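Undergrad: Next up is a structure, given as structure tokens.
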Amino acid sequence: MSSRTKSVLKRQRQQAKNYDRNLHYKSKMKSVVKKVMSSKEKNEAETLYREAVSIIDNLTSKKILHRNTAARRKSSLTKHVNSLS
């Protein structure tokens, strides 16, 4: 049985730390997306929409969210906001 090297142990520590951090960001994004989707008024939805898109773009630039996933989420939000009258 081979023991784990220093670099492997360090990488595992980093992955655990990054996982927790990324989970926080993703949770924040999901909360904002839910707020937009549950809003019934166009004015309120547009303000929340801008905030949601900003967070999604931020996560994409940090490589926490894949760009296609970000595009899909923004598209569904846009569709919802445009459907409100």
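What follows draws every value from the coordinates through simple rules; no lab data is involved. Note that the structure is predicted; figures quoted are calculated from it, not measured. Heads up, the Cβs are rebuilt from the backbone with ideal geometry, glycines too, and the neighbour counts pull from every protein chain shown.
Undergrad: Does segment 30-54 hold any residues that are hydrophobic (A, V, I, L, M, F, W, C), more than 9 Å from residue 84 (Cβ to Cβ) and crowded, with 17+ Cβ neighbours inside 10 Å, and which are they?
TA: Narrowing segment 30-54 to residues hydrophobic (A, V, I, L, M, F, W, C): 32-33, 36-37, 45, 48, 52-53.
Cutting the leftovers down to more than 9 Å from residue 84 (Cβ to Cβ) gives us 32-33, 36-37, 48, 52-53.
Hits for segment 30-54 are 32, 33, 36, 48, 52, 53.
Undergrad: Name the single residue that is surrounded by the fewest Cβ atoms within 10 Å (Cβ to Cβ) among those in segment 63-85 being within 14 Å of residue 41 (Cβ to Cβ) and in contact (Cβ under 8 Å) with a residue 40 or more places away in the chain.
TA: 85
Undergrad: Let me ask you something else. Just the residues that are surrounded by 11 or more Cβ atoms within 10 Å (Cβ to Cβ), hydrophobic (A, V, I, L, M, F, W, C) and free of Cβ contacts under 8 Å to residues at least 12 places away in the same chain, please, taken from segment 10-29.
TA: Residue satisfying the conditions is 23 alone.
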